[in-house]
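What follows is calculated from the coordinates using simple rules that are stated; it is not laboratory data. Predicted model only: the values in this text are computed from it and were never measured. Note: ideal-geometry Cβ built from the backbone for every residue, glycine included; neighbour counts use all protein chains shown.
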Amino acid sequence: MLKMTFARKVIAAAACAAALIAPAQAEEKTYRLKLAETWPTNFGTFSEPAREMAKLAEEMSNGRLQITIDTANKHKSPLGVFDMVRAGQYDLGHSASYYWKGKVPNTLYFTTMPFGMTAVEQYGWFYYGGGMELMQKVYEPLGLISVPGGNTGVQMGGWFRKEINSVEDLQGLKMRIPGFAGEVLAKLGASPTNIPPGELYTSLERGTIDALEWIGPAMDLRMGFHKIAPYYYTGWHEPATELQFLINKRTMDKLPEDLQKILLTAMKVSAYDMTINSHHVSAENWVTMTDEYPNIQVKSFPPEVMGAIKQANDELLEEAAAADPLAKEILTSQADYLKQIRVWTDIADRAYLNSMAE
C-alpha cells in the first residue's frame, strides 16, 4: 500500500481545496495515460515515485488523470523506456537520463556527474540555475519532456570481489557502471558495461562482471551483493543521481493546461519525497548492514587511484566540451554553478559537519 507521506497529505489537502473552487464548466473528460518503468516489480525506493505521482495526479485532478504503471516485468524492456515513450507506445516513463547516452550523448549530463554537485546543489541548478532549460534543449527536439524524478543522493562506489589497491587493479576490470563514470574507468583500462537492474545479482554471481555499483544502502542491501563481493567502496562517481520522468510531448500537448500543471506538480512532489526517503532508508540500512553483516569491508579508493580517476575525468570533460557545442554549454553551466554554490556549501554544511566532528 502506498504510504501517506507528509508531502502527499499536503497535496491531498490542496486537491480538496482546489475541487471546492473549481469552475463548474471545468473539462470533465478522463485522460488515461500509461507509464513504463525501467525497474522490476516491487523495487524498493525506485518503485515509489511513479506510484506516488500517479496517486497525487489522480487526487489533484479529481480523477480526470488516470495513470497505469507497467514495470519492466510487464513490458520486458527495462532499457527501452526512452524508445517506447518517444514512439508513443507509452505516454510516460520513469528511468534515468544517462541510460540514453548511446542514443543521444548529451542526455547523460542530467543524471549526475563524477565529482559534481550534491543533490541539493543539483536541484538548485535544475530549477534556478538553467538546468531545466538545458535539459529541454536536449529532449524537446526528440519529442520528449524530461522532469527530475527523485534523487538517491551520494551513491556508494560499488561492490568489488577483490580489493582495489592501485590503478593497475582497474585493468580489465569488468564492472557494471553507467554514465560518464563508465567512460572514466574505461580510460583507465576497465571494461564498463550497463546491465538492467533485475540482472545485476545474477551477473555478479556468474562472474559476468567482477564488480558493480548500484545505489547505496537504501537499495543495495536487499540485492544481496555482499554475499558475493564483500568490498564496499565509498563514492565519487554519482554524487547526486537524479532519476527521470519522461513525457511524450504529443501526450502533454493534448492535456488541458490545468492537467499539465497537475502532472508536473505531482512529479515534483514525488521526486522530492523519494529524495528524502532514500536518505532515510540508507541510514536505516547502514545500521542493519554493519550490525548483521560484519563480513562487509567498507573501503575508500587509495589516493593514487582517486588521482588517476580525477585526471581521466577532467580530460574526458575537455574532450566532450570540444566535440559538441551543446555539451560545452551544459558542462560550462554545471561547472559555473558548482563553483558558485559550493562556496556556500563549504561555509554552511561542511563547516557545520567539521565542527561537529571536532
Task: Ratio of Rg to Rh over the chain (Cα coordinates, Kirkwood Rh, two decimals) - done: 0.97
Task: Gained length - Asn194 relative to Ile276, 0.36 nm times residue gap less alpha-carbon distance - done: 26.9 nm
Open item on the list: Going through the cross-link list Lys76/Lys101; Lys74/Lys268; Lys76/Lys310; Lys55/Lys227, which pairs have a Cα-Cα distance over 30 Å in this structure?
Closed with: Lys76/Lys310; Lys55/Lys227
TODO: Could you work out how far apart the two model spin labels at Glu358 and Asp314 are, taking each label as a point 7 Å from the Cα in the direction of the beta carbon, and quote it in nm?
DONE: 2.9
Task: Residue-span extension gain [Arg206 to Met306] - 0.36 nm each, minus C-alpha spacing - done: 33.1 nm
Open item on the list: Compute, for the chain, the length of the dipole vector about the Cα centre, with Cβ point charges of +1 (Lys, Arg) and -1 (Asp, Glu) only. Units Debye, rounded to 20.
Closed with: 980
TODO: Can you figure out the FRET efficiency of Lys227 with Lys74, using R₀ = 35 Å and their beta-carbon distance, to the nearest 0.05?
DONE: 0.80
Open item on the list: Place a point 7 Å from the Cα of Lys249 along the Cα-to-Cβ direction; which residues of the stretch 99-138 have their backbone N under 17 Å from it?
Closed with: 104-107, 132-138
Task: Simple spin-label estimate for Val343 and Thr290 in nanometres, 7 Å along Cα-Cβ - done: 3.6
TODO: Using the number of other C-beta atoms within 10 angstrom as an exposure proxy, rank Val184, Val305 with the fewest first.
DONE: Val305, Val184
